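A.B. asks: Here it is, the structure, as structure tokens.
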Amino acid sequence: MAEKKGNGKKVPHKVMRYFPLTPRLKRLYCSRHTAEDMRWHYSQRPKEDGVLRHPADAEEWKQFDRLYPSFAVEPRNVRLGLATDGPSSPGKDIDVFMRSLIDELKQLWETGVETRDSYNGTVFSMRAAVLWTINDFSAYALMSGWSTKGYMACPTCNEHTPSIGLNSKIGYVGHRRFLEMSDPRRSSKKYNGKPEKRAPPPVLTGDDILSQLNRIPLSLPGKHKQFGGVKRKRSSEELNCLVGTLLSIDGKSKDTDKARMDLQDLQIRRELWLYEDRNGKWKNPPASYTLSVQERIESADFIKSVRFPDGFAANLDKNVNLDTGKIFRFKSHDCHVLLQRLLPEGIRKFLKKEIRDTIIELCVYFKQLCSRTLNVSDLEKMQTNILTILCKLETIFPPAFFDIMVHVVMHLPKEAILGGPVQYRWMYPIERSMSVYMQYVRNRARPEGSIAESFVVNEALTFCSMYFREVETRFNSPDRNNDIVQNMPTR
């Protein structure tokens, strides 16, 4: 759509800049160095040893090869991941912007394109298929069509998502349902005041999902009022809700007055109920899972003192306030560093043993899950352990603590078994790329155009630099930190 200016010219509401995918894929085979890397998964990867090193080791890749043997027989065919990110994305209108990509992907799948392989000098018909989508949980709703809000927000649990209505939100509690029927924790009343008698939810198949889709009434993407479409809202700052609750960070803590009222409504954990003081004001009893002001300051001082290897994490020193013991403006990657590396040591001497041990178990779980290589047998054990961890957390934190992001943690080992190591499919490299693209902006009135122009120049220079061996390029430049020690003594 377009609107007219005073001079009669039409001005588009949106301008789409599309970089065709096919030429970029063909360029990967124009250089013998990248052409050799494109077949690494076939020629050099260790196979069938129960260890996940590459997406080709995962069940999704293998199942795709079984379903489409004509595609799998050519190791130079490309499997793609479609990534989406951006706080000002078009929302549900994204289908309009993907039209050109979909048309190109259909051609790459059905007929392929003739491509010259510089590694061995042959010409072959290159095909491509999208095997994964990479996005945060908010964008997942736009790309898949499954709403990530409401009582059935979990796309894996589907209509069996464990959820209850609370005072101001929905709490995703009730993970005892996923335990075996003979598990003694099912009969305990300390979780929500009553035993859990429901059977574990069934695992849905692809046919089950298609059957559900066939029952969906007509709906249109985009902001159509008759169908209730709205543009999504995103938070500009991310912080782990566990850290926010432990350190009582304003706006990030789940230990609020309404959370305490939920406990009273459920008639559990009476020691945490709101009480009225002599002046008629309602007070929160101190919780065993939060740190005092002095403990927060000591913990913040510990975080501030930590030094990481170059490039491992951001400078956390800038995000810590020693006066209040608060941390702020952590990027998602830094939150994972905090959760996996620092939090276990930072809370060790402040919390009760049963609380401390449970939180440390969760931190170790994430550390194992984010390893560069994964063992399938270990992931199967982690799938059982995370249920135990979540059940323990339900006895510690109020139901309001359990938003959908806490619940989906239980599905991550299964996702890793299906898709392979998480570093190939998470958002961190995408977010870092977006931060680089934002530095390309020179004209703030036309940020997209600035990014597009600089991106094309950068891509051309990168490709050309593969052919230069006499000059320093990004492919042969020395590392920023030279760890080679000269004149090492020999034995």
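The values are calculated or read from the model by the stated rules, or taken from the named source; none is laboratory data. Model, not experiment: these values are computed from the prediction. Methodologically, a virtual Cβ is constructed for each residue, glycine included, from the backbone with ideal geometry; neighbour enumeration extends over all protein chains shown. Each accessible area value is taken on the protein alone, full model and side chains, heavy atoms only, with ligands, DNA and RNA left out. Shrake-Rupley method; radii C 1.70, N 1.55, O 1.52, S 1.80 Å.
A.B. asks: Out of segment 390-448, which residues are part of a helix (DSSP H, G or I), more than 30 Å from residue 286 (Cβ to Cβ), touching a Lys or Arg at 6+ places or on another chain (Cβ under 8 Å) and of a type outside the set (Asp, Glu)? I'd like the intermediate steps shown before the answer.
C.D. replies: Let us first name the residues in segment 390-448 that are part of a helix (DSSP H, G or I), namely 390-394, 399-401, 404-419, 422-424, 428-438, 447-448.
In the following step, the residues that additionally are more than 30 Å from residue 286 (Cβ to Cβ) were identified as 408, 411-419, 422-424, 428-438, 447-448.
Narrowing further to those that are touching a Lys or Arg at 6+ places or on another chain (Cβ under 8 Å): 419, 423, 431, 448.
Once the filter is applied, which keeps residues that are part of a helix (DSSP H, G or I), more than 30 Å from residue 286 (Cβ to Cβ), touching a Lys or Arg at 6+ places or on another chain (Cβ under 8 Å) and of a type outside the set (Asp, Glu), segment 390-448 yields 419, 423.
A.B. asks: Given the structure, is residue 191 open to solvent by less than 40 Å² (accessible area, probe 1.4 Å) and either in a helix (DSSP H, G or I) or not β-branched (Val, Ile, Thr) (or both)?
C.D. replies: Yes.
A.B. asks: In segment 149-187, which residues are modelled with pLDDT under 90 and either among the small types (Gly, Ala, Ser) or open to solvent by less than 50 Å² (accessible area, probe 1.4 Å) (or both)?
C.D. replies: Selection gives 168 alone.
A.B. asks: Shifting gears a bit: Which residue out of 398, 429, 421, 447 is open to solvent by less than 20 Å² (accessible area, probe 1.4 Å) and over 30 Å from residue 248 (Cβ atoms)?
C.D. replies: Testing whether each residue is open to solvent by less than 20 Å² (accessible area, probe 1.4 Å) and over 30 Å from residue 248 (Cβ atoms) leaves just 421.
A.B. asks: Under the condition of being over 13 Å from residue 342 (Cβ atoms) and of a type in the set (Gly, Ala, Ser), which residue from segment 266-313 is modelled with the lowest pLDDT?
C.D. replies: Across segment 266-313, the extreme among qualifying residues is 311.
A.B. asks: Name the residues in segment 121-137 that are over 30 Å from residue 70 (Cβ atoms) and buried (at least 16 other Cβ atoms within 10 Å of the Cβ), would you?
C.D. replies: 136, the sole residue that qualifies.
A.B. asks: Please tell me if residue 345 is modelled with pLDDT of 95 or more, open to solvent by 40 Å² or more (accessible area, probe 1.4 Å) and not in a loop (DSSP other than H, G, I, E, B).
C.D. replies: In short, no.
A.B. asks: Identify the single condition in (1) hydrophobic (A, V, I, L, M, F, W, C); (2) over 19 Å from residue 426 (Cβ atoms); (3) open to solvent by less than 50 Å² (accessible area, probe 1.4 Å); (4) in contact (Cβ under 8 Å) with a residue 40 or more places away in the chain that residue 19 does not satisfy, given that it satisfies every other one.
C.D. replies: (3)
A.B. asks: Let me ask something else about it. Please find, among 114, 59, 74, 104, the residue that is open to solvent by 30 Å² or more (accessible area, probe 1.4 Å) and touching a helix residue (DSSP H, G or I) at 6+ places or on another chain (Cβ under 6 Å).
C.D. replies: Checking each option against the conditions leaves just 59.
A.B. asks: Next up: With respect to residue 260, determine if the residue is open to solvent by less than 40 Å² (accessible area, probe 1.4 Å), among the basic types (Lys, Arg) and in contact with a helix residue (DSSP H, G or I) (Cβ under 8 Å, 6 or more places away or on another chain).
C.D. replies: yes
A.B. asks: In segment 85-164, which strands (runs of 3 or more DSSP E) lie fully inside it and hold 1 or more residues that are within 28 Å of residue 178 (Cβ to Cβ)?
C.D. replies: 128-134
A.B. asks: Identify, by number, the condition in (1) assigned to a loop (DSSP other than H, G, I, E, B); (2) open to solvent by less than 50 Å² (accessible area, probe 1.4 Å); (3) basic (Lys, Arg) that residue 79 doesn't meet.
C.D. replies: The number of the failed condition is (1).
A.B. asks: Take the residues in segment 276-295 that are in contact with a strand residue (DSSP E or B) (Cβ under 7 Å, 6 or more places away or on another chain) and outside any loop (DSSP other than H, G, I, E, B); name whichever of them is surrounded by the fewest Cβ atoms within 10 Å (Cβ to Cβ).
C.D. replies: Looking at the filtered set, the residue picked out is 276.
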